[in-house]
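What follows is a single structure, written as structure tokens, with notes after it.
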Ligand SMILES: [Zn+2]
């Protein structure tokens, strides 16, 4: 196991909708669904409506489920 944070994103292909786990550093990039080969763009911010604390670059670790 490594410490790489993983983003889970659902395939937008309605016939697939597979949950893909992609590494944190894939934000803003395209990944390909292994199930249907659809290219999926990983959003840069997971929760754009949640303001981040300014002044520190510490990443908050969320342990939601
Ligand atoms: Zn897919």
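Checking each residue in the range 21-34 for being surrounded by 14 or more Cβ atoms within 10 Å (Cβ to Cβ) and within 9 Å of the ligand (Cβ to nearest atom) picks out only 33.
Among the residues of the range 1-20, the ones that are in contact (Cβ under 8 Å) with a residue 12 or more places away in the chain and within 16 Å of the ligand (Cβ to nearest atom) come to 10 in all. Of the strands (runs of 3 or more DSSP E) lying entirely inside the range 2-41, those carrying at least 1 residues that are within 19 Å of residue 63 (Cβ to Cβ) and at pLDDT 95 or above are 19-23.
The values are calculated or read from the model by the stated rules, or taken from the named source; none is laboratory data. For clarity, every value in this text was computed on a predicted model and none was experimentally measured. Here Cβ is always computed from backbone atoms with ideal geometry, including for glycine, and neighbour counts include all displayed protein chains.
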